[in-house]
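Working notes, beginning with the structure itself.
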Amino acid sequence: MEKAKELYLKNISKIIIAVSVIFILTAIIELYFSLAVNIQSNDECLWVQKEISQDSSAIVFESVKVGGVTWNAGIRNDDELLEINNQPFSNPSGAQLILNKVQSGQYADYTIKKAGKIIHTKVYVKKLIQVGSVANILLALMQMLIGFIVLMSKPNGRVQKLFYGIGIALVLGSVGMFIPNTITPKLILQNPYPYAAAILLGSLGVCSSPFLFLSLFWTFPKPFKFMERKWVRRLLFIIPVVLALLFFAAIVKLTREGNFAGISPLNKYLGIMSSVLEITAFISLVINYRRLKTKEEKKPILIILIAFAIAIIAVLYTATIAPIISDTIFNSPQYYTPIILIILVPIGFAYSIFKYQLMDVSVVIKNTLMYGTATVALAAIYFLIIYVLGTSISAAIGTQFQTIIAGSIFIVFALVFQSTKDKFQDFLTARFYPEQFAYQKVLLRFSNDISTLVGLDNILDSMKSTFVEALKINRFGILIRGKKDEEFHLIRNVGIVHEDLIINSGSLQQVIERKSLISEKVVIEQNEFAAAFPEISNQLIEEGIFTIIPLMIKSKIIGLLLFGLKHSGSQFAGKDLELLNATANQAAISIENARLYESEAEKLKMERDLSLARRIQQGLLPKCIPNISGLDICGEMIPAMQVGGDYYDLIPVSDTKLFVVVGDVSGKGLSASLYMTKLQTMIQFSCSSDKSPKEILIELNKKFYDSIERNSFVTITLALFDTEKRIVTFCRAGHMPLLIATNGSIHSYRTQGIGVGLEKGIIFEKTLIEEEVPLNSGQIYAFFSDGITEAMNNNLDLFGEEKLSDILKNKTQKTSNEIMSEIWRSLNNFRGDAEQNDDMTMVIVKVA
């Protein structure tokens with residue numbers, strides 16, 4: 001479904017052209033049929049079916065025109081019609097079908113009953129052009145032609161679609177013209193499908209056109225609020241379809257029964273419904289007209305209003321007054337000719353559209369005609385010059401060089417023509433479109449200047465200055481997308497009341513994607529605000545915003561430009577929008593470059609700050625290994641980022657006592673490193689020879705709990721080596737186990753304890769277990785963070801505690817530095833080129 005929609009949007013112009021050609025040709029053929037093919041025969045009287053008795057009826061003459069063809073044949077009122085051309089019939093419709101077969105200017109043989117006698121007489125046959133049908137077809141044709149131009153100017157506009165749809169409905173409403181007026185019920189029943197198709201399409205057209213007029217004047221020139229509701233728009237589509245199907249079903253039923261006379265009342269009811277809806281549409285247009293505030297806005301609508309009013313009067317006159325002042329349309333067709341005035345509706349629209357730039361059409365048409373004519377005229381002048389020069393030179397120096405001369409002159413023409421054409425078009429723009437020419441000069445200067453500006457604020461200030469001061473716009477705004485959100489924030493504006501305006505990009509992205517399939521120059525106009533900005537569309541309209549142009553880099557929207565009306569009071573359209581779009585594209589590139597520059601500058605500053613923080617953090621780690629008799633110590637911390645949350649320290653408190661600390665702050669990066677720095681300071685102040693690891697951790701937790709965020713915590717292993725007593729006392733506050741290698745065996749100590757900062761004190765103290773182990777010669781103590789055992793390779797395998805234990809085994813003869821080097825080497829070989837995913841910290845203590 002999405003692919004089909006995308007294909008439709010990409011080829012929408014071609015589809016509009018193809019559909020328009022089909023319907024315009026259909027209207028032309030309908031017009032031909034109404035004037036030359038499907039003309040009703042006329043004998044200047046009426047035939048009325050009267051009941052003679054309960055079981056029989058007769059067709060009698062009425063309203064016989066004095067001096068008419070029937071009168072001249074000797075027929076008078078109340079004479080009875082029996083046969084035409086020796087063919088009997090049962091009702092006036094049947095008689096009309098027979099008469100329609102007689103060509104204009106020929107005589108029909110009437111068999112009549114006059115004063116009880118059967119008489120044969122010849123009646124001269126005239127043909128009656130149905131002025132109403134011709135008027136409707138002309139209306140449809142003109143509406144289609146203007147609708148095509150309107151829709152091509154804005155294929156996605158709701159008003160444009162409605163206007164174009166009226167043309168299609170009117171053309172469909174006249175397809176009944178293709179049904180021959182000589183067809184009999186028998187022929188219809190023998191091949192019903194073409195007839196049924198024509199009736200169905202005609203029903204859809206006749207039922208839809210008044211509803212489309214109603215929808216148009218509820219949307220144009222200003223939409224009523226209820227038209228923003230989808231169910232209203234759907235109802236206006238569904239009702240005429242249902243009515244058309246019901247009408248079609250009724251006609252099919254009557255046709256099958258052979259009751260052609262029953263169709264006439266149906267047409268009458270349908271006509272009444274259409275008239276009521278069209279009057280309602282007219283009243284809606286009057287209300288809409290009164291809603292407009294300025295004379296400039298009212299002028300074009302007044303012309304449409306007058307044209308529509310005349311058309312309604314013509315319809316009402318034809319339906320009510322004409323039958324009264326004339327005895328019958330067959331005798332006095334001239335009284336029915338005012339119906340032709342309905343074509344004033346598309347004429348009124350056309351005049352307003354082209355004269356007052358309504359629906360953004362006239363600018364496009366005028367520019368195309370003017371520049372096209374100018375280019376053709378200029379080309380003709382050049383070719384004339386070439387011809388004269390070529391002929392003159394050839395005459396002077398001979399014809400043998402004529403080809404060379406012509407070729408040389410043509411090359412010169414090709415080089416000169418383009419530049420001259422552009423200058424000539426600039427002259428025309430300056431002469432006939434001074435406002436547009438002024439805009440063009442200002443915006444071109446802005447496009448040249450903006451590329452030299454440095455800094456986002458300077459670019460935005462230049463944009464504001466250009467659009468507000470140079471173009472004299474009273475309503476203008478620049479919205480820029482936030483760096484980390486999907487919202488656009490108003491950062492520069494003039495004339496906008498709500499300076500805290502924020503636009504969400506959700507629906508906007510879909511609208512722009514759809515519009516970009518139709519045209520590279522994406523513009524969102526007021527009638528599209530509800531779809532693009534559903535939450536604040538009314539607010540934008542109240543602010544006086546008429547046009548919004550997105551600032552785009554490729555398909556990424558980085559901002560929005562909001563425009564009110566031009567200084568002249570008209571809306572930006574046509575060439576103006578092209579210029580604004582080109583300027584917006586240039587501005588978008590400059591804004592994005594400025595933001596990238598700022599981002600890069602911030603990144604470099606951050607890297608410098610992190611590099612400094614790394615040096616500070618490394619400086620906080622032990623600068624030298626304490627000299628404790630009987631202990632060989634080595635420690636190292638490698639952060640995953642510039643700075644990390646891992647921490648180790650070696651704190652001697654006497655010649656025979658040393659605290660070893662390994663900690664891991666939850667998270668990584670700058671915030672974790674700050675907590676680590678604070679933790680180090682607290683531990684160094686807390687460690688003393690008279691305190692045990694458990695006492696220190698309890699004291700640390702109490703102080704640290706109130707200063708750490710609730711979603712952060714620290715895991716710590718704190719051990720006290722006492723070489724005099726030959727014991728090691730340690731506690732684990734939620735940290736990794738302590739590994740002790742003794743004579744080739746590994747023991748993993750996993751004492752209880754929760755992380756520092758998780759709980760204020762009671763549970764922390766209850767769960768914290770302190771343990772003592774004897775300090776024996778040759779033992780290797782390994783303190784580490786989870787970054788060691790949880791290091792991963794490209795297959796997402798973990799290094800694991802088992803591999804670490806294998807390295808520590810049987811290393812009695814090696815120094816702590818050698819053991820540490822082997823651990824890092826094994827880790828690097830295991831990881832390969834996989835990124836380090838966590839800080840890694842290791843402290844090795846080997847007992848001599």
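The values are calculated or read from the model by the stated rules, or taken from the named source; none is laboratory data. Given the structure is predicted, the values throughout are model-derived calculations rather than measurements. So basically every Cβ, Gly included, is an ideal-geometry build from the backbone, and we count neighbours across all protein chains shown. Each accessible area value is taken on the protein alone, full model and side chains, heavy atoms only, with ligands, DNA and RNA left out. Shrake-Rupley method; radii C 1.70, N 1.55, O 1.52, S 1.80 Å.
In the complete set of protein chains, residue-level accessible area for S90 is approximately 90 Å², probe 1.4 angstrom. Ellipsoid semi-axes for segment 653-742, based on the Cα gyration tensor and the rule √(5λ), read 25, 15, 11 Å when sorted largest first. Multiplying each eigenvalue of the alpha-carbon gyration tensor of segment 701-848 by 5 and taking the square root yields semi-axes of 27, 23, 11 Å, largest first, rounded to whole angstroms.
Calculate I(q)/I(0) for segment 193-251 by the Debye formula, one identical point scatterer on each C-alpha and no solvent, and give its log10 at q = 0.13, 0.15, 0.18, 0.25 Å⁻¹ to two decimals. At q = 0.13, 0.15, 0.18, 0.25 Å⁻¹ the computed log10 ratios are -0.40, -0.50, -0.64, -0.93. Based on the alpha-carbon gyration tensor of segment 513-585 and its eigenvalue square roots a ≥ b ≥ c, which shape applies: rounded if a/c is under 1.5, prolate if not and a/b is larger than b/c, or oblate? The shape class here is oblate. Between L551 and I558, G559, L560, L561, the built amide H atoms are under 5 Å apart, and every one of these is 5 or more places off in sequence or on another chain.
With a ≥ b ≥ c taken as the square roots of the eigenvalues of the C-alpha gyration tensor of segment 64-114, please select rounded if a/c is under 1.5 and otherwise prolate if a/b is larger than b/c or oblate if it is not?
It comes out oblate by the Cα gyration axes.
Using 10 Å bins from zero, what percent of all Cα-Cα pairs in segment 260-363 falls into each bin? The calculated distribution, bin by bin, is 14, 34, 29, 16, 6, 0. Could you give the Stokes-Einstein D for segment 54-152 in µm² per second, using the C-alpha Kirkwood radius, 4 °C, 1.567 mPa s? Stokes-Einstein gives a translational diffusion coefficient of 81 µm²/s.
These residues, I313, I329, go from largest to smallest accessible area, 1.4 Å probe, as I313, I329. Relative to a virtual label point 7 Å from the Cα of S777 in the Cα→beta-carbon direction, which members of segment 733-748 show backbone nitrogen distances below 17 Å? Only 742-744 fall inside the zone, counting backbone N under 17 Å.
If you take the beta carbon distance between N191 and I287 as r and set R0 to 56 Å, what does 1/(1 + (r/R0)^6) give as a FRET efficiency, to the nearest 0.05? Walk me through the numbers on the way to the answer.
On the way: r = 49 Å, r/R0 = 0.87.
Using R0 = 56 Å, I get an efficiency of 0.70.
So what's Rg/Rh here for segment 1-90, counting alpha carbon atoms and using the Kirkwood radius for Rh? Intermediate results must be reported in sequence, preceding the final value.
Numbers: Rg = 25.5 Å, Rh = 18.1 Å.
Across segment 1-90, the Cα-based Rg/Rh ratio is 1.41.
In vacuo Debye scattering of segment 718-774, one point per C-alpha: log10 I(q)/I(0) at q = 0.24 Å⁻¹? Debye intensities relative to I(0), on a log10 scale: -0.97. Show me the chymotrypsin sites (Phe, Trp or Tyr not before Pro) within segment 477-548 that DSSP assigns to loop and that have at most 11 other Cβ atoms within 10 Å of their Cβ. Sparse-neighbourhood loop chymotrypsin sites (Phe, Trp or Tyr not before Pro): none present.
Once backbone amide H atoms are built at 1.01 Å from N, D646 has V665 as its partners under 5 Å, excluding neighbours fewer than 5 places away on the same chain.
From Cα pairs below 8 angstrom and at least 6 apart in sequence, can you work out the relative contact order of segment 46-100, rounded to a whole percent?
Values: 67 pairs, mean separation 15.5, N = 55.
Value for segment 46-100: 28 percent.
Sequence-ordered 3J(HN,Hα) estimates for segment 713-724 from the Karplus curve with 6.51, -1.76 and 1.60 and θ = phi - 60° stand at 7, 9, 9, 9, 10, 10, 10, 10, 8, 10, 6, 6 Hz, glycine and proline given as x.
Estimated at the nearest 10 Å², the accessible area of D690 is 120 Å² with a 1.4 Å probe. The trypsin sites (Lys or Arg not before Pro) found in segment 462-495 that occupy coil by DSSP, while having at most 16 further C-beta atoms within 10 Å, are K472, K483, K484.
For segment 450-534, what log10 I(q)/I(0) values come out of the Debye formula at q = 0.12, 0.24 1/Å, with one point per alpha carbon and no solvent? These q points yield log10 I(q)/I(0) values of -0.45, -1.27.
Figure note: D461, D646 ranked by solvent-accessible area, largest first, 1.4 Å probe, ligands and nucleic acids not counted: D461, D646.
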